[in-house]
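Everything below concerns the one structure shown next.
The values are calculated or read from the model by the stated rules, or taken from the named source; none is laboratory data. Just so we're clear, the structure is a prediction, and the values are computed from it rather than from any experiment. Quick reminder, even Gly has a Cβ in these numbers, built from the backbone with ideal geometry, and neighbours come from all protein chains shown.
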Amino acid sequence: MNFSILPPEVNSARIFAGAGPEPLLAAAAAWDGLADELTSAATAFASVTSELTGASWRGPASAAMAAVAVPYVGWLTAAGARAAQSAVQARAVATAYEAAVSATVHPLAVASNRTRLASLARSNLFGLNTHAIAANEAEYEQMWAKDVVAMSGYHANAATAAAQLKPVAALNVNLGVGNLGTLNVGNGNHGNNNVGGGNFGNSNVGFGNVGRRNVGVGNKDLVANHTSLNVGNGNTGSHNIGSGNLGNSNIGSGNKGNGNFGFGNNGDGNIGFGNTGSGNIGIGLHGTNQRGFGGLNSGTGNIGFGNSGTGNVGFFNSGVGNHGIGNSGDHNTGSGNSGFTNTVVETRALSIAASATRAI
């Protein structure tokens, strides 16, 4: 901060307009109180732990609890020391503030100097006030320099006090054996907030999960540092519910792909069992947007039995967009039509017309 560019009107007004040392002294008192509480808590916790380990606590579980208690006591003690140091530094800043106020020119004195200068300038006939004006300006320059020294010293002292403050180390609290991280419950977890064993990541519940927010056993995230949210066993990916799914947002078991519902589907958006492709609903279907049971239709988008082609509905149709039985061609409706856009009625009319022609 460069206080030399600011006139005494600004520097003096700023320092005298502040809240004073009272807030800093109140903060120091609060830090002292916190330091006392933390120190008392550390002493009491260490005493209780010592009595338990020397009397009723026996066995591996008790040893694990005692191992967790020891670093907690150390953390409480260190936190108390940090709080006490914060109180000391707050008082140091308050002292620096009071020193700066004492060394700074009062704003009324600065205003009086400027008022006197204006009066001398107005009455400076024939240059009679030249020496008085020069003396007034010299006094103003001294005010400027005095404020700069006071504010620069205050800033330096406050910065030094702040630099002495160090944050309290994060509390590493785990319950179990071989955990790395914070707030893990169980054994061999790596990360934070895991419950179970052998989890790698954060907020997993179960065993052998890799990623975040998995629930179950052996779930894994395909992409590092992305939310997994798998529920079940052996899922790989994100947002899977079930077991052995590979991909994302699958519900069921053994699905491979994304958005499948059922079992053993391979692809995306399938509903049912053993479908291969995308958008199929049924069992054992191969292709895209199939409906029904595998082996009944061939092609794409057919519904019924024995259809081949695309978008046929019914039985034994071939072509595109036919509805009915045994149609061939495109967009026929009815039975036994061939060609394009035929219906059962049109075909019978043609037959009658042909018979009439032969009779003539």
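Brief remarks on what is shown
- Residue identified as in contact (Cβ under 8 Å) with a residue 60 or more places away in the chain, part of a helix (DSSP H, G or I) and in the same structural domain as ALA84 (by TED's automatic domain parsing) among ALA28, ALA46: ALA28
- Meets criteria (under 55 Å from the mean Cα position of the chain (by Cα) and under 28 Å from ALA28 (Cβ atoms)) for ASN157: yes
- Any chance VAL110 is at pLDDT 95 or above, buried (at least 18 other Cβ atoms within 10 Å of the Cβ), more than 48 Å from the chain's Cα centre (by Cα) and at negative phi: yes
- Taking (1) within 30 Å of GLN85 (Cα to Cα); (2) in contact (Cβ under 8 Å) with a residue 60 or more places away in the chain in turn, TYR140 satisfies each apart from (1).
- Just one of (1) closer than 30 Å to GLY234 by Cβ; (2) in contact (Cβ under 8 Å) with a residue 40 or more places away in the chain fails for ASN157. It is (1).
- Set side by side, the residues VAL73, VAL68 differ, and just one is touching a strand residue (DSSP E or B) at 6+ places or on another chain (Cβ under 9 Å), aliphatic (A, V, I, L, M) and at pLDDT below 95, which is VAL68.
- Residues of segment 1-13 satisfying the condition of being in a helix (DSSP H, G or I) and free of Cβ contacts under 8 Å to residues at least 12 places away in the same chain: ILE5, VAL10
So that you can scan it fast, the table gives a plain yes or no per residue for (1) farther than 28 Å from ASN209 by Cα; (2) in the same structural domain as THR343 (by TED's automatic domain parsing); (3) surrounded by fewer than 19 Cβ atoms within 10 Å (Cβ to Cβ):
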position	(1), (2), (3)
VAL231	no, no, no
GLY242	no, no, no
ASN250	no, no, no
SER278	yes, no, no
GLY282	yes, no, no
GLY306	yes, yes, yes
ILE325	yes, yes, yes
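- Qualifying residue in segment 260-283 (condition: over 30 Å from VAL205 (Cα atoms), touching an Asp or Glu at 6+ places or on another chain (Cβ under 7 Å) and of a type in the set (A, V, I, L, M)): no
- Residues of segment 197-211 that turn out to be buried (at least 24 other Cβ atoms within 10 Å of the Cβ) and not in a strand (DSSP E or B), as a count: 3
- Qualifying positions in segment 293-318 - within 46 Å of the chain's Cα centre (by Cα) and more than 21 Å from THR333 (Cα to Cα): PHE293, GLY294
- Count of residues meeting criterion [under 36 Å from the mean Cα position of the chain (by Cα) and either over 29 Å from VAL185 (Cα atoms) or not assigned by TED's automatic domain parsing to the domain that holds PRO7 (or both)] in segment 82-107: 7
- Matching residues, segment 96-153, being β-branched (Val, Ile, Thr) and out of contact with any Lys or Arg (no Cβ under 8 Å at 6 or more places or on another chain): VAL101, VAL110, THR115, THR130, ILE133, VAL148, VAL149
- Screening GLY59, GLY74 for residues that are surrounded by fewer than 15 Cβ atoms within 10 Å (Cβ to Cβ) and either farther than 25 Å from TRP31 by Cα or not assigned by TED's automatic domain parsing to the domain that holds GLY33 (or both) leaves exactly one candidate, GLY59.
Yes/no matrix, rows are residues, columns are (1) touching a strand residue (DSSP E or B) at 6+ places or on another chain (Cβ under 6 Å); (2) over 28 Å from GLY321 (Cβ atoms):
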residue	(1), (2)
VAL185	yes, yes
ASN189	no, yes
VAL205	yes, yes
ARG213	no, yes
SER243	yes, yes
ASN270	no, no
